[in-house]
Amino acid sequence: MRPFSISIIITAAVLLFLAPAACAADDQTGNSGASMQVVTAIPLPVPTPGTIASPVGNYTKLEINPTYTQFALKPGESKDMTITVRNRDSKTVTLTPKIKLQPYNIPYELDPSWIAVSPASADVPAGESIKFTMKVSTPADASRGPYNANLVFTDEEYPAAYPTPYPNYIHQMNFYVNIIVPPVVQISPLYISDQVEAGKEYRYTVEIKNTGASSVQLAPKISSDSFMSYGLYGVTEPGLTSDSFQLIAPSSIPPGSTGTLEIIMKVPPAATGYSNGYIDLGIDDPSLMQGEGRVSLNFNIWKQPAVSYVKQFTLDAAEPVSIELTSGYSGYPAPIATSTIREPSFETTITGPGGIVTARPVQKIIRGSVNLDGDPMTASLSKEAAYHETSVQYTVIYAVEGKPGVWQLSVTPKNTQNFEYKITLGNPNTGIPSLNLFSSTAAVSMSTAA
């Protein structure tokens, strides 16, 4: 009766809304009372109740403990656990545990034969509980990776208004089986990041250690499609391709030995921007998952500007001037060391009201960051050193006696793509307030544009 009443009310409202409009139209023609407009209202459709009832109170009341678990196993290992199911219903329930695979788990699709559950079936009286034993046994040739599935105790499902890719069971326990296989091949470093100059050549080395019982074959290669270059307006033509690299490595590494991959990279003179890709070592090792067995590469390509960076400042009185130049601090992951040392430096010219001022560095500071062993991104496989320097920062400080007038600082950085400057006016050690107009640190970055 309720839907019918709603329909009547809506229809009446529509008639009341349209009737005055009809009368007004008659009045405009002057034929009011001579004829009557008949308005037929279209009733709104009555909502249809859902065909799937709410599961509340309509499904078997079971308590499963635990509802989630995971196993970490090596190939050939087995492990078991106990699952308790309590019947909270008012009737006896028959439980028949089944393994249900979840979709979209390729290539890590669990084989139901790995799982054994006992008892296979059981009747659980109201208010009672039962313990199931779940045993997971992995084959000796199981591949490394995460495997996901559900242990379902009944066929009851949650209602769904729309089709679902797989049933949503009410009484289930989700579990993971993580197959752990120590890699036979160890690669160091796994990541090479560097800022390189267009038109120059760079060399890098990668150590590959074979911890297995048989030789490991190597076939390193770079795919041109693996390199992507990003510019101001998104993806652009890559500055580096497979033609930019020469890879030198042994064809195989004997068991217990370490081989070296030498990477020679020639940056094209017109290359700019950021380029990233990877070297596929071509290693057939089942313990390596998708995306492993490679060395990731990331390069920021730049050009040395033909002119110096210029900064002007003004002195209102004669006072000391301190100028501090600092190379950009390389964060993690740091550029990998090459065959030649590329220490940042600055070609500096300081010009005062009377011309160029001879200024020699009064202090040089070298600041670095060091990791202690165990870092897979930077650790060495063949060396016993317990330390690895991940970044270095070089600072040079100049001091001059300033005279009133306009001054100019000209800087041409070498082997660094960005630097910071700090200009301090006045001597803070004398107790005389300094102007400090430029005492805050400012950063300057080199353009990657051609």
- Evaluation of G256 against (1) over 30 Å from K135 (Cα atoms); (2) surrounded by 13 or more Cβ atoms within 10 Å (Cβ to Cβ) (one fails), failing number: (2)
- Item | Long-range neighbours under 6 Å by Cβ, at least six apart or interchain, first residue without any contact (Cβ under 8 Å) to a residue 40 or more places away in the chain and surrounded by 14 or more Cβ atoms within 10 Å (Cβ to Cβ) within region 210-222, second part of a loop (DSSP other than H, G, I, E, B) and of a type in the set (D, E) | none
- Message: Restricting to region 139-153, and then to whatever is in a loop (DSSP other than H, G, I, E, B) and at pLDDT below 95, can you tell me which residue is nearest to the chain's Cα centre (by Cα)?
- Response: R144
- For region 131-158, which residues satisfy the criterion of being under 24 Å from Y59 (Cα atoms), open to solvent by 40 Å² or more (accessible area, probe 1.4 Å) and of a type in the set (S, T, Y)? Y158
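Yes or no, residue by residue, for (1) surrounded by fewer than 12 Cβ atoms within 10 Å (Cβ to Cβ); (2) within 15 Å of Q172 (Cβ to Cβ); (3) charged (D, E, K, R):
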site: R88; (1), (2), (3): no, no, yes
site: L95; (1), (2), (3): no, yes, no
site: K98; (1), (2), (3): no, yes, yes
site: I106; (1), (2), (3): yes, no, no
site: D111; (1), (2), (3): no, no, yes
site: I115; (1), (2), (3): no, yes, no
site: A122; (1), (2), (3): no, no, no
site: P125; (1), (2), (3): no, no, no
site: S129; (1), (2), (3): no, no, no
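Among the residues of region 158-177, is there at least one that is within 20 Å of Q290 (Cα to Cα) and outside any loop (DSSP other than H, G, I, E, B)?
Yes.
So which of A271, A249, A198 ends up being over 30 Å from K414 (Cα atoms) and crowded, with 17+ Cβ neighbours inside 10 Å?
A249
For L261, are the conditions met, namely being open to solvent by less than 70 Å² (accessible area, probe 1.4 Å), of a type in the set (A, V, I, L, M, F, W, C), farther than 21 Å from V181 by Cβ and at pLDDT below 90?
No, not satisfied.
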- Message: Restricting to region 158-184, name every residue that is free of Cβ contacts under 8 Å to residues at least 40 places away in the same chain and under 32 Å from the mean Cα position of the chain (by Cα).
- Response: T164, N168
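Among the strands (runs of 3 or more DSSP E) confined wholly to region 289-397, which include 1 or more residues that are surrounded by 14 or more Cβ atoms within 10 Å (Cβ to Cβ), modelled with pLDDT of 90 or more and of a type in the set (V, I, T)?
Once the strands (runs of 3 or more DSSP E) in region 289-397 are filtered for at least 1 residues that are surrounded by 14 or more Cβ atoms within 10 Å (Cβ to Cβ), modelled with pLDDT of 90 or more and of a type in the set (V, I, T), what remains is 294-302, 319-327, 345-352, 355-357.
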- What pairs come up if the first residue lies in region 117-134 and is within 11 Å of D89 (Cα to Cα), the second is open to solvent by 60 Å² or more (accessible area, probe 1.4 Å) and assigned to a loop (DSSP other than H, G, I, E, B), and their beta carbons are under 6 Å apart, counting only those six or more places apart or on different chains? P125/T92; A126/S90; A126/K91
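The values are calculated or read from the model by the stated rules, or taken from the named source; none is laboratory data. Remember, it's a predicted structure, so these values are computed and weren't measured experimentally. In this analysis, Cβ positions are derived from the backbone assuming ideal geometry, glycine residues included, and neighbour counts consider all displayed protein chains. The accessibility values were calculated without ligands, DNA or RNA, using every heavy atom of the protein model including side chains. Shrake-Rupley method; radii C 1.70, N 1.55, O 1.52, S 1.80 Å.
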